[in-house]
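The values are calculated or read from the model by the stated rules, or taken from the named source; none is laboratory data. Model, not experiment: these values are computed from the prediction. All Cβ positions, glycine included, derive from the backbone under ideal geometry; neighbour counts span all protein chains shown. Protein only, heavy atoms only, side chains kept; ligands, DNA and RNA dropped before computing areas. Shrake-Rupley method; radii C 1.70, N 1.55, O 1.52, S 1.80 Å.
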Amino acid sequence: SSPHLVQVRERIRINGQPISKDLFNKYFWLVYNRLEETKDPVHASMPAYFRFLTIMAFHVFLQEKVDLAVVEVGIGGTYDCTNIIRVPVVCGVSSLGIDHTSILGDTMEKIAWQKGGIFKPGVPAFTVAQPERPLEVLKERAQERKVSWWWGCGWGVPHGRGLSLFSPQCPLYLCPELDDFEEGCQGDRGPDLTRAPEVSVGCLSCLALGELKEVPPSTELVGRPVPLAPAFRLTDAMIQGLRDTEWLGRTQVLSHGPVTWYLDGAHTTSSIQACVRWFRQAALNQDKLHDGSEVRVLLFNATGDRDTAALLKLLVPCHFDYAVFCPNFMEVSVANNADQQNFNVTLENALTRCLENQRTWTRLLEEKVGQDPWLPSPLRVGGLLQPTPARGSLLLVPPAPRPLNSPALVFPCLAQALQWVAQGRDPHLAAPTALGAHPHPAASSGAVLLQEAAVVHVLVTGSLHLVGGALRLLDPALSQ
């Protein structure tokens with residue numbers, strides 16, 4: 001899987017656990033040295049980062065003799081380096097969204113075409129509810145997967161899985177809703193995975209493990225070109241697996257005294273929308289437990305070719321008191337944090353983008369104030385938004401509705417950003433030092449409000465790499 005949050009070993013797991021440091025070291029150098037010995041003498045090139053780790057993962061799975069390997073594509077599918085498995089047990093395409101447009105295309109149809117590239121002849125494939133046209137593209141891609149004559153004879157097909165010429169295409173099915181699987185389930189249902197961004201309510205994992213029966217024609221959905229797969233009774237093992245599932249960095253809540261961190265790696269418009277719904281409800285539930293004042297902080301960064309203005313606009317309704325922007329670097333010096341380092345982005349470029357996000361956020365708030373005349377006009381100070389004189393009094397009681405009056409601050413690294421937000425009130429973080437303090441008066445004013453608020457709600461979103469860096473600082477045990 002990719003990307004990792006804290007340590008690169010997370011990408012290659014066996015029985016749910018990242019491989020050990022010893023195993024990672026052993027297989028890394030074995031694969032590296034073999035590739036070094038056999039590389040093209042003319043171009044003298046080695047595989048890029050993700051390609052190398054993919055080769056290494058396959059080697060680990062073979063050497064460790066795993067019974068079942070679950071492989072997530074890196075980007076897209078058709079041309080992804082993971083797409084070399086000729087006869088997988090099953091294929092799945094989760095909910096589609098606009099992302100990586102420079103590589104996959106700028107429409108849902110183009111992206112669906114790329115995703116459908118993982119379909120294989122005669123291998124069942126599942127997807128979830130999609131917009132009509134992208135779903136049609138997935139069906140077309142499945143129908144393109146013709147089986148050559150020798151496949152019907154069993155050539156290259158694992159024992160017991162011979163394919164017939166009567167099913168020459170990739171059979172594609174639509175997953176039922178999770179609620180359709182409830183009958184027969186007893187006890188707790190485990191984590192609510194349906195609320196995690198970029199996850200549809202269809203259960204790809206359960207269908208992959210279940211028995212696929214013949215789908216009657218009556219299950220064809222109205223307006224949908226793909227038949228609906230049947231629901232089935234979940235086994236105890238499936239229920240226990242869902243119950244024990246932990247999904248770090250997705251709708252994750254860390255309560256550290258008066259500071260509560262809400263971490264979600266949403267980075268597309270659809271996932272940010274889901275993140276906003278989750279955060280507003282989760283923060284509302286937390287507010288009911290406190291009688292005192294509340295401060296809301298957004299910690300945001302986005303990478304790649306993503307439209308950050310569109311993402312930030314979706315976050316405005318959360319009514320943040322402060323918006324903090326910083327690169328995904330944990331420290332200004334990344335020498336001791338190799339797992340978090342991105343050699344494709346310089347600190348200067350990352351900070352430039354943060355400053356652009358700061359200006360975008362300020363503009364969005366000014367536009368919002370113009371649309372809502374009852375909102376107090378924030379005072380401008382050196383390009384940052386300064387709290388209005390009445391802001392302190394509004395914090396004494398739970399404000400309803402909350403004023404949109406967020407200063408936007410930029411810090412050079414995650415450590416300084418988290419320290420400023422926590423103001424020494426999170427026992428897992430050191431108090432901000434004079435060196436790490438932000439010199440702007442808005443930061444000084446905000447420090448007082450953060451120090452005196454009964455509760456501080458912090459949403460960390462926009463990038464899985466940002467969330468991973470925050471987790472590394474907020475939960476040191478993950479680095480072990």
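Values for this structure:
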| read-out | value |
| --- | --- |
| Under the Karplus curve 6.51 cos²θ - 1.76 cosθ + 1.60, θ = phi - 60°, whole-Hz ³J(HN,Hα) for the range 129-143, x wherever Gly or Pro sits | 4, 10, x, 4, 5, x, 5, 5, 5, 4, 4, 4, 5, 5, 6 |
| Cα pair distances in the range 52-111, grouped into 5 Å bins until the bin that holds the longest one, percent each | 4, 15, 24, 22, 15, 12, 6, 3, 0 |
| Distance cut-off 23 Å, percentage of C-alpha pairs in the range 1-116 lying past it | 39 |
| Largest to smallest accessible area among H100, H43 [probe 1.4 Å] | H43, H100 |
| Cut-off under 5 Å, modelled amide H: who pairs with I14 long-range | I19 |
| Length gained when the stretch E72-I103 is fully extended (0.36 nm per residue, less Cα-Cα span) | 9.4 nm |
| Relative contact order (percent, whole number), the range 1-69, Cα cutoff 8 Å, 6+ residue spacing | 22 |
| Between the range 264-333 and the range 7-41, the Cα center-to-center distance that results, in Å | 35 |
| Relative packing of 239-250, 116-127, which averages over residues the other C-beta atoms within 10 Å, highest first | 116-127, 239-250 |
| Electrostatic dipole magnitude of the range 1-69 [Cβ: Lys, Arg +1; Asp, Glu -1; Cα centre; debye, to 20] | 120 |
| Gain on full stretching of the segment that runs from Q480 to L284 - 0.36 nm per residue minus C-alpha separation | 67.2 nm |
| Relative intensity, log₁₀ I(q)/I(0), of the range 85-149 from a Debye sum that treats every alpha carbon as a point, q = 0.14, 0.18, 0.24, 0.27 Å⁻¹ | -0.40, -0.63, -1.02, -1.19 |
| The range 226-336: Rg to Rh, with Rh as the Kirkwood radius over Cα pairs | 1.06 |
| Percentage of interatomic Cα-Cα distances in the range 1-69 larger than 21 Å | 26 |
| Ranked order, H465, H4 - accessible area, probe 1.4 Å, largest first | H465, H4 |
| When each of K39/K115; K65/K115; K21/K65 is checked by Cα-Cα distance, pairs over 24 Å | K39/K115; K65/K115 |
| Using θ = phi - 60° and Karplus 6.51 cos²θ - 1.76 cosθ + 1.60, couplings along the range 315-328 (whole Hz; Gly, Pro as x) | 8, 4, x, 6, 6, 6, 7, 9, 10, 10, 10, 7, x, 7 |
